[in-house]
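The values are calculated or read from the model by the stated rules, or taken from the named source; none is laboratory data. The structure presented is a predicted model; accordingly, all values stated were derived computationally and were not measured. Glycine gets a Cβ as well: all are built from the backbone with ideal geometry, and neighbour counts include every protein chain shown.
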Amino acid sequence: MTRLALLPDEAFYAWEGRHPAWGYSDLPPLTALLTRLGQALLGPGAVGVRFPFFILGAMLPWLVVAYARLIGGRRIGWSAGLLALALPMLATLGVLALPDVPLTAFALVALIALERAARNGRWRDWLLLGTALALAAFTHYRAGMFALAGLAFALLTPRGRRLWRQPGWYAALALGLIATLIVVGWNLHHHWQALDFQLVQRNPWHFQPRALVQPLEQAAVVTPLLYGLLLWSLARALRRMRRGAPWDLAAIAATTLLGGYFVFGLFADDQHFRLHWPLPGYLPLLPLLARDAAALWRRGRVVARTFLTATFALAGAGLLVLLAWFALAGSPALATDWSYSKLFPNVFLGWRQVAARTGELLRDGHGSRPLLVTDHYAMAAELELLLQPRRPAWTLDNPLNAYHGRAPQLADWGRDERGLRRDHPGAAVLLVVEESALKEREQPAWLQSICRRLADLKPLGRLDLYRGEKRYSFWSARVPVRPLPAVAGAACPVWQSAHAAYLRAEAARKP
């Protein structure tokens with residue numbers, strides 16, 4: 001957590017946190033507010049941004065223990081907590097400031113509260129359930145899956161149908177509904193920015209045959225043997241649902257989340273990273289697996305004990321691989337040697353070096369105060385956070401801004417090209433360009449277009465890092481006061497500099 005540079009998403013959440021609101025173009029408000037809280041406690045930087053998420057991530061195994069002890073007793077509780085640490089994604093959740101951390105925590109709290117409320121009907125449990133649902137709604141739009149799981153339990157099981165006769169059930173639903181209406185109201189007031197991105201722009205909504213490999217992807221990230229055991233425990237829970245607690249709620253919650261995300265994934269976004277979506281669906285199964293695995297072990301059969309030993313050894317190895325991946329990303333000594341690998345997490349690399357060079361250029365301005373402009377949202381977010389004293393940043397209208405749902409938010413803040421031209425015509429600019437940000441086939445058109453966006457471009461230097469895998473250029477320029485004349489794409493100096501650097505990097509890679 002302390003060594004890794006911030007991901008672009010983390011930096012943007014921190015940027016949003018410096019502009020408190022009831023919602024943003026990518027997410028509801030809570031993730032941004034948590035980054036603001038962390039920075040207020042520990043200052044700007046990776047540790048401050050990530051600290052609240054680190055605390056919530058550290059709570060997750062303990063929440064699993066609390067749920068497992070509720071339905072299986074003390075021994076099953078501790079076993080399930082250790083199983084939670086065998087899930088590589090869960091064990092490392094909280095290292096990064098991502099919305100899945102609070103979302104998973106609130107899912108577990110809601111599961112505990114619903115199980116308790118269904119057993120004893122106490123008002124404190126109903127209020128806890130409603131609070132968890134409200135906070136989940138303020139965290140991410142995927143919280144709707146949790147509400148769907150709860151409603152499925154209340155409609156499809158005898159124990160769940162009894163909830164409709166309890167006033168606390170309606171109080172919990174009301175709390176969740178109030179938060180949902182606030183989120184929907186923000187979208188209504190902002191032309192449905194976030195919902196349009198989450199539900200329309202990033203989803204093709206047609207059947208994608210290649211998405212049928214989702215179970216294989218999940219087996220890889222959960223580890224294959226553990227994934228098989230979790231599905232085995234789910235099948236056993238479904239067969240035992242007529243017995244009531246604890247099988248009914250655990251089986252319904254897991255089936256709704258795992259099955260729902262699988263069906264949704266057949267028609268939804270396959271371009272953005274989504275392997276983490278089903279993670280909350282495995283958590284209700286951990287106490288059941290702990291009980292089933294203990295029963296298998298007690299039978300003393302060599303085959304069963306060998307299989308269980310191999311399962312948990314493989315899960316432990318998967319966790320070590322993921323921890324090694326993070327360690328690699330945080331090791332400058334290894335970055336140069338391994339950054340060319342497609343498996344290397346180079347999304348963490350380069351930000352600190354670019355911020356240091358940008359700071360030098362700003363200080364070398366001899367009293368001039370050029371505006372800081374970058375060629376995409378991630379660079380603007382990173383530089384706004386890393387530069388001390390902080391400098392406001394603007395960004396050109398890179399396709400990445402729209403692809404990641406950040407373009408409407410930048411427009412609302414006036415930090416896009418339109419805001420730059422409207423508020424600062426003719427102003428001097430320090431432009432920072434990440435030439436390697438886009439895919440290779442997309443780079444020429446974008447880099448050539450920069451000469452139509454800013455005037456009087458003059459080179460100030462370059463920064464080519466990690467054997468040319470990360471390439472940056474720095475330019476002085478001016479905000480145009482009127483539309484610029486057409487420039488032949490290949491004549492644009494930004495493109496020429498980038499193309500020459502690309503050829504040098506390609507030559508350096510050849511044996």
Counted residues in region 37-50 being free of Cβ contacts under 8 Å to residues at least 40 places away in the same chain and buried (at least 20 other Cβ atoms within 10 Å of the Cβ) come to 2
Being of a type in the set (Gly, Ala, Ser), surrounded by fewer than 24 Cβ atoms within 10 Å (Cβ to Cβ) and free of Cβ contacts under 8 Å to residues at least 60 places away in the same chain, is that true of even one residue in region 140-148?
yes
Filter region 149-168 down to residues that are of a type in the set (A, V, I, L, M) and under 16 Å from Gly130 (Cβ atoms), then give me how many there are.
4
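Yes/no per residue for (1) in contact (Cβ under 8 Å) with a residue 60 or more places away in the chain; (2) within 25 Å of Pro158 (Cβ to Cβ):
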{"residue": "Gly259", "(1), (2)": "no, yes"}
{"residue": "Asp270", "(1), (2)": "yes, no"}
{"residue": "Thr309", "(1), (2)": "no, no"}
{"residue": "Ala317", "(1), (2)": "yes, no"}
{"residue": "Leu322", "(1), (2)": "yes, no"}
How many residues of region 63-92 are closer than 16 Å to Ala295 by Cβ and either under 28 Å from the mean Cα position of the chain (by Cα) or not in a helix (DSSP H, G or I) (or both)? The answer is 4
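Of the residues Ala84, Ala137, only one is in contact (Cβ under 8 Å) with a residue 60 or more places away in the chain, touching a Ser or Thr at 6+ places or on another chain (Cβ under 7 Å), over 16 Å from Trp277 (Cβ atoms) and not acidic (Asp, Glu); which?
Only one candidate passes the filter, namely Ala137.
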Of the conditions (1) assigned to a helix (DSSP H, G or I); (2) under 22 Å from Arg142 (Cα atoms), Val49 clears all except one; give me its number.
(2)
Going through region 441-478 one residue at a time, which ones are assigned to a helix (DSSP H, G or I) and within 22 Å of Glu382 (Cα to Cα)?
Gln443, Trp446, Leu447, Ile450
Residues satisfying the stated conditions in region 8-29, i.e. crowded, with 20+ Cβ neighbours inside 10 Å and of a type in the set (A, V, I, L, M, F, W, C)
Ala11, Phe12, Ala14, Trp15, Leu27
What single numbered condition from (1) touching a helix residue (DSSP H, G or I) at 6+ places or on another chain (Cβ under 7 Å); (2) touching a residue at least 12 places away in the same chain (Cβ under 8 Å); (3) assigned to a helix (DSSP H, G or I) fails to hold for Ala58?
(1)
As an exercise: evaluate Arg243 against (1) over 24 Å from Ala105 (Cα atoms); (2) surrounded by 15 or more Cβ atoms within 10 Å (Cβ to Cβ); (3) not aliphatic (A, V, I, L, M) and give the number of the one condition it does not meet.
(2)
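Here are some residues: Gly168, Gly176, Gly150. Which one is assigned to a helix (DSSP H, G or I), touching a helix residue (DSSP H, G or I) at 6+ places or on another chain (Cβ under 6 Å) and more than 19 Å from Leu27 (Cα to Cα)? Give the steps one after another, and end with the answer.
Numbers: Gly176 fails: more than 19 Å from Leu27 (Cα to Cα); Gly150 fails: touching a helix residue (DSSP H, G or I) at 6+ places or on another chain (Cβ under 6 Å).
Of the residues listed, the single one that is assigned to a helix (DSSP H, G or I), touching a helix residue (DSSP H, G or I) at 6+ places or on another chain (Cβ under 6 Å) and more than 19 Å from Leu27 (Cα to Cα) is Gly168.
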Residue in region 470-489 that is surrounded by the fewest Cβ atoms within 10 Å (Cβ to Cβ), counting only those that are in contact with a helix residue (DSSP H, G or I) (Cβ under 6 Å, 6 or more places away or on another chain) and farther than 15 Å from Val432 by Cα:
Leu484
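State yes or no: is Thr104 under 25 Å from Phe264 (Cβ atoms), at pLDDT below 95 and either of a type in the set (S, T, N, Q) or not assigned by TED's automatic domain parsing to the domain that holds Leu70 (or both)?
Numbers: under 25 Å from Phe264 (Cβ atoms): yes; at pLDDT below 95: no; either of a type in the set (S, T, N, Q) or not assigned by TED's automatic domain parsing to the domain that holds Leu70 (or both): yes.
No.
Could you check how many residues of region 106-134 are without any contact (Cβ under 8 Å) to a residue 60 or more places away in the chain and within 16 Å of Trp277 (Cβ to Cβ)? Break it down into steps so the answer makes sense when it comes.
Going through region 106-134, the residues without any contact (Cβ under 8 Å) to a residue 60 or more places away in the chain turn out to be 106, 109-110, 112-113, 116-117, 120-134.
Subsequent filtering for residues that are within 16 Å of Trp277 (Cβ to Cβ) retains 106.
Final tally of qualifying residues: 1.
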Just one of (1) hydroxyl-bearing (Ser, Thr, Tyr); (2) modelled with pLDDT of 95 or more; (3) surrounded by fewer than 20 Cβ atoms within 10 Å (Cβ to Cβ) trips up Tyr67, so point out which.
(3)
Which residues, taken from region 479-499, are β-branched (Val, Ile, Thr) and assigned to a loop (DSSP other than H, G, I, E, B)?
Val479, Val481, Val487
Within region 1-31, restricting attention to residues that are in a helix (DSSP H, G or I) and among the charged types (D, E, K, R), which residue is farthest from Leu349 (Cα to Cα)?
Glu16
